[in-house]
Amino acid sequence: MAWSLEGTYFENCNCDVICPCAATGFVHPADEDRCKVVFAFHVERGDIDGLDVSDRNVVLVVDTPRQMTEGNWRAGVIMDDRASEEQAQALGAIFGGQKGGPMAGVAPLIGEMLGIETAAIEYADDGVRHRLKVGNQIDIEVEDYAGADGEPIRLSGFGHPVSSTLALARATRSEASAFGIDLSNEGKNAHSAPFSWAA
């Protein structure tokens, strides 16, 4: 069977301006000793083996060594509480890399799976500002940098698993505490992009 997901995503990590990992195809290390990052996904349209998973959210909370390609990532998943058990399992298989696609390349880097939780996830994206609220665990808002034409500044050709073109952004608000990973990344690096995956 086949699957496809389309939607938007953003991330916020503790690097200063532009994530050197993503900008160099993961050749250069992150700015800090540990990279602490939240990835937020909103699936606008999705079909997994005939199951509709549209309008669902998934959040990944990750802690990695400075050199991300070394592996030994610690990661936890928060699933939208509006997802049925069947939808949650199907989405978990995509984001866990078991059904192929971009996350299959990330999965071998995860050394410790910290768990899967379910929570009310509020995700908002107006094209320039991107917001995530997960109960009292996560509260993040990021804003894309605008170029002279008012459009978001984007870098292309990334070796990033979500998209090869990412908008550059910064966090205007950032607090998270989940799976034993705590971060406060206000003013720090962020990226956003639409995504379209299929396998």
### Query
What are the residue pairs meeting all of these: first residue in the range 106-131, first residue at negative phi and of a type in the set (S, T, N, Q), second residue modelled with pLDDT of 95 or more and surrounded by 18 or more Cβ atoms within 10 Å (Cβ to Cβ), Cβ atoms under 9 Å, and 6 or more apart or on different chains?
118/78; 118/79; 118/80; 118/83; 118/88
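If you take just the strands (runs of 3 or more DSSP E) that sit entirely in the range 79-152, which of them hold at least 1 residues that are of a type in the set (Asp, Glu)? Explain how you work it out, then say what you get.
Details: elements: 110-119, 121-125, 129-134, 138-144.
Per the criteria, 110-119, 121-125, 138-144.
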### Task
Just need a number here: residues in the range 101-133 that are surrounded by 14 or more Cβ atoms within 10 Å (Cβ to Cβ), closer than 18 Å to residue 7 by Cβ and at pLDDT below 95.
6
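Please go through the range 39-54 and give me each residue that is over 11 Å from the mean Cα position of the chain (by Cα) and under 28 Å from residue 170 (Cβ atoms), ordered by number. Walk me through it before giving the result.
Keep residues of the range 39-54 that are over 11 Å from the mean Cα position of the chain (by Cα), which gives 43-54.
Those that are over 11 Å from the mean Cα position of the chain (by Cα) and under 28 Å from residue 170 (Cβ atoms): 43, 44.
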## Note on the structure
Within the range 153-188, the residues that are in contact with an Asp or Glu (Cβ under 7 Å, 6 or more places away or on another chain) and part of a loop (DSSP other than H, G, I, E, B) are 184, 188
### Task
Name, by its number, the condition in (1) among the aliphatic types (A, V, I, L, M); (2) buried (at least 21 other Cβ atoms within 10 Å of the Cβ); (3) modelled with pLDDT under 95 that does not hold for residue 1.
(2)
### Query
Scanning the range 5-19 for residues that are surrounded by fewer than 23 Cβ atoms within 10 Å (Cβ to Cβ) and more than 15 Å from residue 161 (Cα to Cα), which turns out modelled with the highest pLDDT?
14
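The values are calculated or read from the model by the stated rules, or taken from the named source; none is laboratory data. Everything numeric here is computed off the predicted structure, so don't read it as measured data. Ideal geometry is used to build each Cβ from the backbone, glycine not excepted, and the neighbour counts take in all protein chains shown.
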